[in-house]
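Heads up: the structure comes next, in structure tokens.
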Amino acid sequence: MGQIHILGAGVMGLVMATELAARGHQISISDPAGGPGPGACSWWAGGMLAPECEAESAEEPVARLGAEAAAWWQKHSGCVSYQGTLVLADPRDRADLSRFARLTKGHQTLDEAGISALEPDLAGRFRQGLFFADEAHLAPRAALKALVAGLAARGITITAAPPAKPALTTALTPTLTIDCRGLAARDQLTDLRGVRGEMLLIRCEGVTLSRPVRLLHPRIPLYIVPRGDGVFMLGATMIESDLRGAITLRSMMELMAAAWAIHPGFGEAALIATGADARPAFPDNLPRLIRRGDVLFANGLYRHGFLLSPATARMAAEHIETGAQPEFLHEVSP
Amino acid sequence: MPVFYGTHIESPLMLGTAQYPSPKIMAEAFRTSKAGIATVSLRREQRSGQDFRALIAALSVHILPNTAGCHSVKEAVTTAHMARELFQTDWIKLEVIGNSDTLQPDVFALVEAAQILCAEGFRVFPYTTEDLGVCERLVQAGCEVLMPWGAPIGSGRGLMNPYGLRMLRAHFPDQVLVVDAGIGLPSHAAAAMELGYDAVLLNTAVAKAGDPVAMAGAMALAVQAGQLAARAIPMEPRDMAAPSTPVLGQGLLA
């Protein structure tokens, strides 16, 4: 097998590089930004590895293939927290909680005492919740940096530009390019669209949470993910727009109000950063591998970048190694 | 089948385009239900939602842009102008929010915005309460279509005031009437059509169902059943049971 070059060092590019390198492929990787950073939407991700919760709104492959994610990330980044997910709703939104329970598996119903046993700071605040014990989470930026370090340890560094095409084909010429550029690949993939997401990073000394908490609401669903050291990520909006500009006041107020509803102590938090970007998605909101000659596109991970990139990279590797036609492979042309 | 401002629509079912698990599932819901009109919001997406708008255009149904999320006359009028430009249509579902929690319409601002937009040549579909006085004002403003709520948006509670909706139908025999919002189940949609309404507009009941495509099909059947029932002139409920076979003499046969 010849050289493989990967375009893009967001979550898909780095996971692809790590998976292929671990399988013994000769790979190189480039990104105009030189590495993961604010230009990649995965920089702003929640980092929830919550395949069962996602089944509430996602199609069947998300839960099944997302189940691979936690073990992959633990093996390659070592920074996974296995604390499960807590799903809560205000008493007047309990219909949303029963709907969520009906559409998902792998949860147990908690009463007030059960909730406070898991998260003592939420004692007395919610009467009913769902606990997904098998789910996990990670800190996205730390995880991406760990993959960069892992690649560096194999002698692979991220270059700013892809290798120039030599006039004559040599043994060192890339035989395959894997395009993991996310929304930037719209120049080649016409049915890729952007779905805007907005998030906040806050520091709050007064409230401690051990695991991601989702607050159900008919219009403003929120999740809050503890990053450690009193830092929390609040997310995320879903707007059918590819606008990548700064967060709007409305989104910010809604996220903050929902955090306040989880615990008024978040009212004293310091707002340390806001983020907004557009997630790449195909019309079915599922990832696709698209083979066109010597280019393989891996794209459309939507809101499931950390959850589905390991399965997508595995399928790409199987396709490269055996010519297999894995389920995310959508189109093959010579 | 309903006629909105001179345009014949093949189905009395109108569907919203928000909150589906994916655009693909949304498209399947439209195909399965054969809904004739798709409502689309603009307030949050603004001009940058062009990719999603292209997916909606690909549904090949009539597009009814809305002013969802607008809280004032000015916002609603500005959004209507943007909608006309982006969708090349003078149809506008006029929605002015009076309460951000319940999303109840602000009927005063609604009437004012309807007057402005009708005067500018828009074909206005106002989302209103079932208040007769408000509906009168909307008709005076130039609205040929009225869209009273069944219940608050997203509540899924069905027709909270069937008497008020029936009265509107009797009072406005020539207006096109649509029950908009509050539909949770096919039986609610059928009930609206049984009252003689011309169409039903819903979104959450389909988009947030466990199987949106199956629910879209169920809604289409319910709307059709209700429409057939209304045309068939249903029997009137009565206080006494009315046996269809004479009881006289039955004792002799026992």
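If you check A:R250 against the conditions, is it of a type in the set (K, R) and open to solvent by 60 Å² or more (accessible area, probe 1.4 Å)?
On the way: of a type in the set (K, R): yes; open to solvent by 60 Å² or more (accessible area, probe 1.4 Å): yes.
For A:R250, the condition - of a type in the set (K, R) and open to solvent by 60 Å² or more (accessible area, probe 1.4 Å) - is met.
Kindly establish whether A:D284 is charged (D, E, K, R) and touching an Asp or Glu at 6+ places or on another chain (Cβ under 8 Å). Outline the logic, then answer.
On the way: charged (D, E, K, R): yes; touching an Asp or Glu at 6+ places or on another chain (Cβ under 8 Å): yes.
So A:D284 passes the test.
Any idea which of A:R94, A:R125 is of a type outside the set (V, I, T), within 24 Å of A:I220 (Cβ to Cβ) and part of a loop (DSSP other than H, G, I, E, B)? Quick ask: steps written out before the conclusion?
On the way: A:R94 fails: part of a loop (DSSP other than H, G, I, E, B).
Of the residues listed, the single one that is of a type outside the set (V, I, T), within 24 Å of A:I220 (Cβ to Cβ) and part of a loop (DSSP other than H, G, I, E, B) is A:R125.
Could you go through segment A:131-138 and let me know if any residue there is more than 14 Å from chain B (Cβ to nearest Cβ) and more than 28 Å from the chain's Cα centre (by Cα). Show your work before the answer.
In the first step, residues of segment A:131-138 are kept if they are more than 14 Å from chain B (Cβ to nearest Cβ); the result is A:131-138.
If we keep only those that are more than 28 Å from the chain's Cα centre (by Cα) as well, we get none.
Within segment A:131-138 (the criterion being more than 14 Å from chain B (Cβ to nearest Cβ) and more than 28 Å from the chain's Cα centre (by Cα)), the answer is no, since none of the residues qualifies.
With a cut-off of at least 1 residues that are of a type in the set (G, A, S), name the strands (runs of 3 or more DSSP E) lying wholly within segment A:262-334. So that I can check it myself, show each step before the final result.
Details: elements: A:270-281, A:288-292, A:295-299, A:329-333.
The qualifying strands (runs of 3 or more DSSP E) are A:270-281, A:295-299, A:329-333.
Quick one: A:G265 ticks every box in (1) of a type in the set (G, A, S); (2) in contact with a Leu (Cβ under 8 Å, 6 or more places away or on another chain); (3) more than 18 Å from A:Q188 (Cα to Cα) except a single one, so which number is it?
(2)
Of all the residues that make up segment A:104-130, how many are within 24 Å of the chain's Cα centre (by Cα) and either open to solvent by 30 Å² or more (accessible area, probe 1.4 Å) or under 13 Å from A:W73 (Cβ atoms) (or both)?
3
What number of residues in segment A:37-55 are open to solvent by less than 40 Å² (accessible area, probe 1.4 Å) and either touching a Phe, Trp or Tyr at 6+ places or on another chain (Cβ under 8 Å) or within 14 Å of another protein chain (Cβ to nearest Cβ) (or both)? Lay out the reasoning, then the answer.
Of segment A:37-55, the ones open to solvent by less than 40 Å² (accessible area, probe 1.4 Å) are A:37, A:40, A:42-43, A:45-51, A:53-55.
Still in the list and also either touching a Phe, Trp or Tyr at 6+ places or on another chain (Cβ under 8 Å) or within 14 Å of another protein chain (Cβ to nearest Cβ) (or both): A:37, A:42, A:45-50, A:53-55.
Within segment A:37-55, residues that are open to solvent by less than 40 Å² (accessible area, probe 1.4 Å) and either touching a Phe, Trp or Tyr at 6+ places or on another chain (Cβ under 8 Å) or within 14 Å of another protein chain (Cβ to nearest Cβ) (or both) number 11.
If a residue must be more than 26 Å from B:G6 (Cβ to Cβ) and either in contact (Cβ under 8 Å) with a residue 60 or more places away in the chain or of a type in the set (A, V, I, L, M) (or both), how many such residues does segment B:73-117 contain?
Residues of segment B:73-117 that are more than 26 Å from B:G6 (Cβ to Cβ), as a first pass: B:73-75, B:78, B:97-104, B:106-109.
Next cut, either in contact (Cβ under 8 Å) with a residue 60 or more places away in the chain or of a type in the set (A, V, I, L, M) (or both) only: B:73, B:97, B:103, B:107, B:109.
Going through segment B:73-117 one residue at a time, the tally reaches 5.
Among the residues of segment B:80-122, which ones are in contact with a strand residue (DSSP E or B) (Cβ under 7 Å, 6 or more places away or on another chain), surrounded by fewer than 23 Cβ atoms within 10 Å (Cβ to Cβ) and of a type in the set (A, V, I, L, M)?
Across segment B:80-122, the qualifying residues are B:L103, B:V107.
Within segment B:28-47, take every residue that is buried (at least 19 other Cβ atoms within 10 Å of the Cβ) and among the polar types (S, T, N, Q) and give me the one that is farthest from the other protein chains (Cβ to nearest Cβ).
B:S33
Considering only segment A:188-203, I want to know if a residue exists there that is open to solvent by 30 Å² or more (accessible area, probe 1.4 Å), under 28 Å from A:D31 (Cβ atoms) and away from chain B (no Cβ under 14 Å).
Going residue by residue through segment A:188-203, those that are open to solvent by 30 Å² or more (accessible area, probe 1.4 Å) are A:188, A:190-191, A:203.
Narrowing the set further to residues that are under 28 Å from A:D31 (Cβ atoms) leaves A:188, A:190-191.
Now drop any that are not away from chain B (no Cβ under 14 Å), which leaves A:188.
Yes, segment A:188-203 contains at least one residue that is open to solvent by 30 Å² or more (accessible area, probe 1.4 Å), under 28 Å from A:D31 (Cβ atoms) and away from chain B (no Cβ under 14 Å).
Quick grid of which residues meet (1) within 11 Å of the chain's Cα centre (by Cα); (2) under 21 Å from B:M26 (Cβ atoms); (3) of a type in the set (D, E):
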{"site": "B:P148", "(1), (2), (3)": "yes, no, no"}
{"site": "B:L159", "(1), (2), (3)": "no, no, no"}
{"site": "B:A181", "(1), (2), (3)": "yes, yes, no"}
{"site": "B:A189", "(1), (2), (3)": "yes, yes, no"}
{"site": "B:T204", "(1), (2), (3)": "no, yes, no"}
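Considering (1) away from every other protein chain (no Cβ under 14 Å); (2) modelled with pLDDT under 90; (3) in contact with a Lys or Arg (Cβ under 9 Å, 6 or more places away or on another chain), say which one B:A54 fails and leave the rest.
Result: B:A54 fails condition (1) only.
Which residues, taken from segment A:113-125, are of a type outside the set (G, A, S) and farther than 16 Å from A:L215 by Cβ?
A:P120
Step by step: first the residues of segment A:94-103, then only those that are closer than 22 Å to A:W260 by Cα and surrounded by fewer than 16 Cβ atoms within 10 Å (Cβ to Cβ), then the one that is farthest from the other protein chains (Cβ to nearest Cβ). Which residue is that?
Among those that are closer than 22 Å to A:W260 by Cα and surrounded by fewer than 16 Cβ atoms within 10 Å (Cβ to Cβ), it is A:R94.
Filter segment A:217-236 down to the residues that are outside any loop (DSSP other than H, G, I, E, B) and open to solvent by 20 Å² or more (accessible area, probe 1.4 Å) and list them by number.
Within segment A:217-236, the first condition is being outside any loop (DSSP other than H, G, I, E, B), and the residues that meet it are A:222-228, A:231-235.
A:Y223, A:R227, A:G228, A:V231 - these are the residues of segment A:217-236 that are outside any loop (DSSP other than H, G, I, E, B) and open to solvent by 20 Å² or more (accessible area, probe 1.4 Å).
Could you tell me which residue of segment B:57-79 is nearest to the other protein chains (Cβ to nearest Cβ), considering only residues that are surrounded by 22 or more Cβ atoms within 10 Å (Cβ to Cβ) and in a helix (DSSP H, G or I)?
The selected residue is B:T79.
Please go through (1) surrounded by fewer than 21 Cβ atoms within 10 Å (Cβ to Cβ); (2) part of a helix (DSSP H, G or I) for A:G34 and return the number of the only condition it doesn't satisfy.
Exception for A:G34: condition (2).
The values are calculated or read from the model by the stated rules, or taken from the named source; none is laboratory data. Keep in mind the model is a prediction, meaning the values are calculated, not measured. Neighbour counts are summed over all protein chains in view; Cβ atoms, including those assigned to glycine, are modelled from backbone coordinates with ideal geometry. Heads up: the accessible areas ignore ligands, DNA and RNA and are worked out on the full protein's heavy atoms, side chains in. Shrake-Rupley method; radii C 1.70, N 1.55, O 1.52, S 1.80 Å.
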